[in-house]
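Written below as structure tokens is the structure these notes are about.
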Amino acid sequence: MDPGLSPFRPGVPVPIESFVGRQHEIEYLHRMAMASTHGRLKVGFVAGEPGIGKSSLVQFVRSRCEQEDDMTGCHVFLGGARDLNGMMRKICNQLLKESINQPWHEKVREFFGNHIRKVGAFGVILELNLEDQDFSTMVNNFGLYIQDFIKKTDKQGLLLILDDVNGLANLEEVAHWFKSTVDELSISYSGICLCILVVGLEERRKALIQNQQSLARVFDLLDINPWTEEETREFYESTFTSAGARISSEGLESLVQYAGGLPVFAHQLGESVWHVAQECMVQELEIDKHTVLRGIVNGTEIIGRRFLDRQVFDTIRSEKYRSILKKMMSDKPIFHFRRSEIIKNLTSGEIRVFDNFLQRMKNLGVLTQDPSVRGGYRFLNLLYSLYCFSYASRI
């Protein structure tokens, strides 16, 4: 077992060969992409909580479409884009970069003309040398440009993935651009072989719709749920096996329980278990429950510091709230609860600070009140709940 060869990938999209599960979601998105190769414009929104595996899923679908269906794909990460011009800059630069090793690269270079420059000291890195005014023109004539680009590829169609749209979703101009662009592509460019997948949090999809209500009819929604226990078990078994390791049944079940179906949690806990096994010089590649539990403790600490806002991290770990948290999460993760049910198990001293705890967690965006249940609360995302459970289990 080599610590430099850990099979886990916490915090980043997983390699195609490491992808497990999600068969229903894969087929759903693949059908959309296939429909686009017959000239039917398809636009989808892949929604889900942070760490649920949205980027890994769409990357897997892209790979399948390229290998099986003679499509070309482009995965654009829009983090850092603050307006439409910034979004278009990222789209065009990624289209250019991903064409470098393709047989149609020279056609793409002709498409962008003399606006290409080389950057970086090593390898071939290209980007467009354009001004904001040029990208504004592309924004306003996206249909014309994207149709011409697809023709240059000589492929059956283009799967365009717009990932991490969260920073743009609250902008009214972005919502209106999506709607007008889809209308234009549908009417003026009938028969275009294009599938667009927008990837982001569910609340960002709602923000786009709030700014342009017609988008509710535009997006085919795919909401990504946590892994099932069976999928989580399959993930750990196949990942450890791929690295030549075996995990005991007791250790496996502990990892399944603590991961809670959240891929980012599963990868980080698996990574931590792997490194603990290295430190203990585990023989014969057998990882027992004791090693797993040590890894879970270490992994929980890393998850808190890596993925939680500092204020959230400090509040959850606050001395005055520790006993409350432990009683809330005594047996398993909870995603929603009634205030009255939690109070039943608290001491008088804990009850006195419990409402302060709820208010603090609401202010930080960890909890929100559940309007459908009297005195009900729920965690805003699965990551918060799973971290609280993992941390409470070790105190």
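For the stretch 187-228, a tally of residues being among the aromatic types (Phe, Trp, Tyr) and either touching a Phe, Trp or Tyr at 6+ places or on another chain (Cβ under 9 Å) or under 15 Å from Trp177 (Cβ atoms) (or both) returns 2. Annotation note: of Gln147, Gln156, the sole residue that is under 14 Å from Thr72 (Cα atoms), in contact (Cβ under 8 Å) with a residue 40 or more places away in the chain, among the polar types (S, T, N, Q) and outside any helix (DSSP H, G or I) is Gln156.
Please work out which residue is surrounded by the fewest Cβ atoms within 10 Å (Cβ to Cβ), limiting yourself to the stretch 310-324 and to residues that are without any contact (Cβ under 8 Å) to a residue 60 or more places away in the chain and touching a Leu at 6+ places or on another chain (Cβ under 7 Å). Selected residue: Gln311.
The single condition among (1) exposed (fewer than 15 other Cβ atoms within 10 Å of the Cβ); (2) of a type outside the set (A, V, I, L, M); (3) on the phi < 0 side of the Ramachandran plot that Trp177 does not meet is (1).
Just one of the numbered conditions (1) in contact (Cβ under 8 Å) with a residue 60 or more places away in the chain; (2) hydrophobic (A, V, I, L, M, F, W, C); (3) in contact with a Cys (Cβ under 9 Å, 6 or more places away or on another chain) is not true of Phe45: (3).
Take Leu95 and tell me if it is in contact with a Cys (Cβ under 8 Å, 6 or more places away or on another chain) and assigned to a helix (DSSP H, G or I). Judged against the criteria, Leu95 is a match. Screening Ser393 on (1) surrounded by 13 or more Cβ atoms within 10 Å (Cβ to Cβ); (2) touching a residue at least 60 places away in the same chain (Cβ under 8 Å); (3) in a loop (DSSP other than H, G, I, E, B) shows it passes everything except condition (3).
In the stretch 91-114, the residues that are outside the structural domain of Ala81 (by TED's automatic domain parsing) and surrounded by fewer than 19 Cβ atoms within 10 Å (Cβ to Cβ) never reach a residue that is at pLDDT below 85 and hydroxyl-bearing (Ser, Thr, Tyr) with C-beta atoms less than 6 angstrom apart, at least six apart or across chains.
Evaluate the following for Glu341: is it among the charged types (D, E, K, R), without any contact (Cβ under 8 Å) to a residue 40 or more places away in the chain and more than 20 Å from Gly261 (Cα to Cα)? Here the answer is yes, as Glu341 does meet what is asked. Residues that are surrounded by 18 or more Cβ atoms within 10 Å (Cβ to Cβ), under 20 Å from Val20 (Cβ atoms) and in contact with an Asp or Glu (Cβ under 9 Å, 6 or more places away or on another chain) do occur in the stretch 258-265. Scanning the stretch 319-336 for residues that are among the β-branched types (Val, Ile, Thr) and within 27 Å of the chain's Cα centre (by Cα) gives a single hit, Ile334. Determine if the stretch 159-177 includes at least one residue that is at pLDDT below 95 and of a type in the set (Phe, Trp, Tyr). Within the stretch 159-177 (the criterion being at pLDDT below 95 and of a type in the set (Phe, Trp, Tyr)), the answer is no, since none of the residues qualifies.
Starting from residues that are outside any helix (DSSP H, G or I) and in contact with a Gly (Cβ under 9 Å, 6 or more places away or on another chain), keep the ones in the stretch 261-313 and report whichever is farthest from Pro13 (Cα to Cα). Ranking the qualifying residues of the stretch 261-313, first place goes to Asp288. Restricting attention to the stretch 41-61, does a residue exist that is under 18 Å from Phe149 (Cβ atoms), at pLDDT 90 or above and not in a loop (DSSP other than H, G, I, E, B)? Yes, because at least one residue in the stretch 41-61 is under 18 Å from Phe149 (Cβ atoms), at pLDDT 90 or above and not in a loop (DSSP other than H, G, I, E, B).
The values are calculated or read from the model by the stated rules, or taken from the named source; none is laboratory data. All values reported here derive from a predicted model rather than from experimental measurement. Cβ: placed from backbone, ideal geometry, glycine included. Neighbour counts: every protein chain shown.
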